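A quick write-up on the structure given underneath.
Bear in mind that the values in this text are calculations on the coordinates, not laboratory data. In this text, all values refer to a predicted model and were calculated from it rather than measured experimentally. All Cβ positions, even for glycine, are placed from backbone atoms using ideal geometry, and neighbour counts span all protein chains on display.
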Amino acid sequence: VPADAQEKPVSVELVLALDASASMDRREFALQLDGLAAAFRDPGVLEALTNIGPKGVAIAVTQWGGPDEAKVVVPFTRLASAREAKAFGFRIGRARRAFLASSTSIATAILHGVRILEENSFAGERRVIDISGDGLDNGGLDLNAARDAALNAGIVVNGLPIDADNVQLADYYRGQVIIGTDCFIERAADFDDFARAIREKLIRELRPLGS
């Protein structure tokens, strides 16, 4: 952000980071993308967005894969109405897959999220990175260092583990991925459960501070 530019205040800045690593087949990735797009048409999510107040929220969608593979697919957009949210959901639904990565680097997803939260033109009362994925970090970068970078920047990392293959993934996300004040996971039992899980998760993340 240029020094002379005024950052726009919002209630929440949120990065929705979607797993595009090789463990996601075409159907699984489509369920992830479609579920996220559908969440922005959901009455509960739209109500949460309206309740957060006139500042609204700023949300970006990223995809991540192996080490240093992370890309913004829908840039930070301010949402303060149901109409804006539905338009945002439509853009998510049209996003293309960015990677077919051979490994899974959750550390990369977090570090990329921190960077774009620091560099955007919004100033959020809360800043959150929301990591969705179906596997353990095996990308070789230091996951604890990435979590520390988020913590030191005052950024909360939440998790949406998709327990399709690894029944212990929710525990792993709870112990090794999420960090920060009031951080939490919302577990998806499988890919078909993702749409429900992301909807519940967004409703929690879009609550006003202190509620």
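Details
- When each of the peptides 192-202, 141-151 is scored by the mean number of other C-beta atoms lying within 10 Å of its residues, the order from highest to lowest reads 192-202, 141-151.
- When Rg and the Kirkwood radius Rh are both evaluated on Cα atoms of the stretch 35-86, their ratio Rg/Rh stands at 1.07.
- Using only Cα coordinates, the Kirkwood hydrodynamic radius of the stretch 133-210 works out to 13.2 Å.
- For the chain: Kirkwood Rh in Å [reciprocal of mean 1/r, alpha carbons]: 16.7
- Among 15-26, 57-68, the peptide with the highest mean count of other Cβ atoms within 10 Å heads the list, and the full ranking is 57-68, 15-26.
- FRET efficiency, D171 to D34 (Cβ-Cβ, R0 30 Å, nearest 0.05): 0.65
- Under the criterion of Cα pairs below 8 Å and six or more residues apart, the relative contact order for the chain equals 26 percent.
- Highest-fluctuation residue, A70, A170, A189 considered, GNM on the chain with Cα pairs under 10 Å: A189
- Gain upon complete extension [A153, R91; 0.36 nm per residue less C-alpha separation]: 19.4 nm
- Environment charge of I52, counting only residues whose C-beta is closer than 11 Å and scoring Lys/Arg +1, Asp/Glu -1: 0
- Debye log10 I(q)/I(0) at q = 0.25, 0.27, 0.31 Å⁻¹ for the stretch 17-58, Cα point scatterers: -0.83, -0.89, -1.02
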